[in-house]
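Reading through the structure tokens given below for one structure.
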């Protein structure tokens with residue numbers, strides 16, 4: 001299995017809910033932080049403004065937005081700011097199964113919105129993704145992405161028996177396809193695992209770290225996996241990933257350790273060996289330094305979490 005598939009598999013998309021917005025200018029909607037999901041612009045145009053120092057982005061029919069980290073944002077009919085209505089107020093007052101209607105008497109816009117819930121407990125890979133993955137319809141998002149967005153929009157517009165399971169399965173595939181499309185043209189200033197995966201040499205080293213965290217990796221052996229000199233590998237890895245090879249490897253090992261400890265069944269010594277530590281003492285010291293508590297205390301405090309989800313958090317990062 002390729003590394004992208006492995007990482008997306010760890011996220012474990014558990015459920016998704018959709019609703020359709022029928023909007024007429026003027027309008028502005030506020031989506032609060034924490035709401036991971038997608039927006040599909042099926043008619044008209046609008047503007048997106050994400051919390052933080054980012055300029056507004058123009059959107060038009062056919063565009064797909066993936067909001068993987070749950071960053072708060074505003075969608076509005078025009079670039080000029082206006083007071084935004086909380087989206088939860090509109091959805092709460094709408095009739096079940098019907099489109100949410102809002103706005104004045106101006107130009108119409110239709111948006112299909114999906115909200116994702118992941119089964120993973122506190123998975124940092126979600127936060128490490130860029131705040132917005134914007135795939136433009138006019139630049140060729142690819143036939144598979146287009147087909148899936150059109151199918152989702154059709155299911156939401158005219159739901160039939162089994163619509164929930166259909167949209168959930170389509171969303172799972174759409175998430176992978178959106179990440180794959182984004183990988184084809186990662187921005188030069190991107191940092192994190194998406195940028196690393198887009199680089200064939202760094203990607204090879206990442207895959208080896210992920211699949212074999214128990215091995216005695218050094219910067220030199222990872223550079224050899226990448227087919228690069230030690231200095232060139234270290235510099236490029238740090239520039240692209242936002243962390244040095246040693247720091248990233250340590251965080252990945254702690255992620256794998258937390259997954260195992262949350263199961264409640266593994267001995268600390270066993271986990272230490274599985275993630276590349278020669279002694280339980282060395283592992284416990286590193287674990288407490290990074291996580292803030294001892295491995296045994298972490299395991300005992302997360303036994304119930306392990307039974308419910310069987311997953312932990314992950315160090316895939318982006319800045």
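The values are calculated or read from the model by the stated rules, or taken from the named source; none is laboratory data. It should be emphasised that the depicted structure is a prediction, and the values quoted were computed from it without experimental measurement. Please note: Cβ atoms are built from the backbone with ideal geometry, for glycine as well, and neighbour counts cover all protein chains shown.
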**OP:** Would you be able to tell me the number of residues in the stretch 167-190 that are part of a helix (DSSP H, G or I) and touching a residue at least 12 places away in the same chain (Cβ under 8 Å)?
**Re:** 16
Original post:
Within the stretch 107-119, how many residues turn out to be in contact with a helix residue (DSSP H, G or I) (Cβ under 9 Å, 6 or more places away or on another chain), surrounded by 16 or more Cβ atoms within 10 Å (Cβ to Cβ) and modelled with pLDDT under 90?
Top reply: 2
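Give the residue, chosen from 104, 97, 122, that is under 30 Å from residue 263 (Cα atoms) and either surrounded by fewer than 16 Cβ atoms within 10 Å (Cβ to Cβ) or at pLDDT below 80 (or both). Before the answer, list the steps.
Working: 104 fails: under 30 Å from residue 263 (Cα atoms); 97 fails: under 30 Å from residue 263 (Cα atoms).
It is 122.
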Original post:
Somewhere in the stretch 73-94, is a residue in the same structural domain as residue 173 (by TED's automatic domain parsing) and on the phi > 0 side of the Ramachandran plot?
Top reply: no
**OP:** Would you mind telling me which numbered condition in (1) surrounded by fewer than 20 Cβ atoms within 10 Å (Cβ to Cβ); (2) touching a residue at least 12 places away in the same chain (Cβ under 8 Å) residue 279 fails?
**Re:** (2)
Original post:
Given the structure, is residue 62 within 18 Å of residue 152 (Cβ to Cβ) and either in contact with a helix residue (DSSP H, G or I) (Cβ under 7 Å, 6 or more places away or on another chain) or at pLDDT below 95 (or both)?
Top reply: yes
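What number of residues within the stretch 205-225 are surrounded by fewer than 22 Cβ atoms within 10 Å (Cβ to Cβ) and either part of a helix (DSSP H, G or I) or touching a strand residue (DSSP E or B) at 6+ places or on another chain (Cβ under 7 Å) (or both)? If you could, list the steps in order and put the result at the bottom.
Step one: filter the stretch 205-225 for residues surrounded by fewer than 22 Cβ atoms within 10 Å (Cβ to Cβ), giving 207-221, 223-225.
Next, from what is left, pick out any that are either part of a helix (DSSP H, G or I) or touching a strand residue (DSSP E or B) at 6+ places or on another chain (Cβ under 7 Å) (or both): 207-211, 219-221, 223-225.
Of the residues in the stretch 205-225, 11 are surrounded by fewer than 22 Cβ atoms within 10 Å (Cβ to Cβ) and either part of a helix (DSSP H, G or I) or touching a strand residue (DSSP E or B) at 6+ places or on another chain (Cβ under 7 Å) (or both).
Of all the residues that make up the stretch 1-57, how many are within 29 Å of residue 108 (Cα to Cα) and not in a strand (DSSP E or B)? First the steps, then the outcome.
Here is the first cut: in the stretch 1-57, the ones within 29 Å of residue 108 (Cα to Cα) are 16-57.
Subsequent filtering for residues that are not in a strand (DSSP E or B) retains 25-27, 32-36, 44, 51-56.
So the answer is 15.
Please state which one of 22, 6 is in contact (Cβ under 8 Å) with a residue 12 or more places away in the chain and in contact with a helix residue (DSSP H, G or I) (Cβ under 9 Å, 6 or more places away or on another chain). Working first, answer last.
Details: 22 fails: in contact with a helix residue (DSSP H, G or I) (Cβ under 9 Å, 6 or more places away or on another chain).
6 is the lone residue from the list that is in contact (Cβ under 8 Å) with a residue 12 or more places away in the chain and in contact with a helix residue (DSSP H, G or I) (Cβ under 9 Å, 6 or more places away or on another chain).
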